[in-house]
Amino acid sequence: MFEQQSPSKPRKRSPLASFMFASRWLQLPLYLGLILAQCVYVFHFWVELKDLVLAAMGNEAALEHIFAAVAVPGAEAPSKLNETTIMLVVLGLIDVVMISNLLIMVIVGGYETFVSRMYLEDHPDQPEWLSHVNASVLKTKLAMAIIGISSIHLLKTFINAQAYEPKVLISQTVIHVAFLVSAMAIAYTDRIMTDTQNVSKH
């Protein structure tokens, strides 16, 4: 008869280790603060959307707010709701949505990665990216989100290119390219680390 081995007991952590591990909950107020910031963005989105709809219907106050929102310092302010003005307002709304997406990735992904498991494996609405989220994946997705936001800002600048000095256009383009290079470097580094881990397993 073989002796049945008793399951190994979990190793007892020292009080200091338990205290340090519990310190991860200090990040919880930060994520709650980001949720409040998300609420502010939602409110801002609906204010801008309401003004756009009212401006399209001829509301003077909404038109003034729209013109002030899209006006570029040093350039002539628009006098009517034309295609360019609508495009700038819509780009602003898209910008808000993309920043909101960035906040969601930081809140959900960061909490899952650095604070505590959410156990969403069986949830029907679990985001696809959350199933394999880790610090490297989160960094890559955040970098891609920042590139998207930078693209929106760059597009808004080029729509009003005549109102900016060439050095401003060049600077924004260089910054955008720097974001692209950084994202590619992060993705390449993550790929190298993944390949190294796969090789070490064999």
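Extension gain for ILE94 to LEU36 (0.36 nm times residue separation, less C-alpha to C-alpha distance): 18.9 nm. Charged side chains reduced to their Cβ positions (Lys and Arg at +1, Asp and Glu at -1) give region 26-196 a dipole of some 360 debye around its Cα centre. Restricting to DSSP H runs of at least four residues, report the calculated mean residue ellipticity at 222 nm for the chain, -39500 (n - 2.57) per run over all residues, nearest 500 deg cm²/dmol. Calculated mean residue ellipticity at 222 nm is -22500 deg cm²/dmol. Let a ≥ b ≥ c be the square roots of the eigenvalues of the Cα gyration tensor of region 26-196; is it rounded (a/c under 1.5), or, if not, prolate (a/b larger than b/c) or oblate? Oblate shape, in that a/c is at least 1.5 and b/c is the bigger or equal ratio. The LEU155 and PHE21 beta-carbon pair, evaluated with R₀ = 41 Å, returns a calculated FRET efficiency of approximately 0.35.
Taken along the Cα-to-beta-carbon direction at a fixed 7 Å, the label points for LEU49 and ASN82 span 2.8 nm. The modelled label-to-label distance between ARG191 and LEU169, using points 7 Å beyond Cα along the C-beta direction, is 3.3 nm. Each label was represented as a point 7 Å from its Cα along the Cα-to-Cβ direction; for ASP125 and ARG11 these points are 4.0 nm apart.
Only the coordinates and a few stated rules stand behind these numbers; no lab work does. Everything numeric in this text was worked out from a predicted model, so none of it was measured. Quick reminder, even Gly has a Cβ in these numbers, built from the backbone with ideal geometry, and neighbours come from all protein chains shown.
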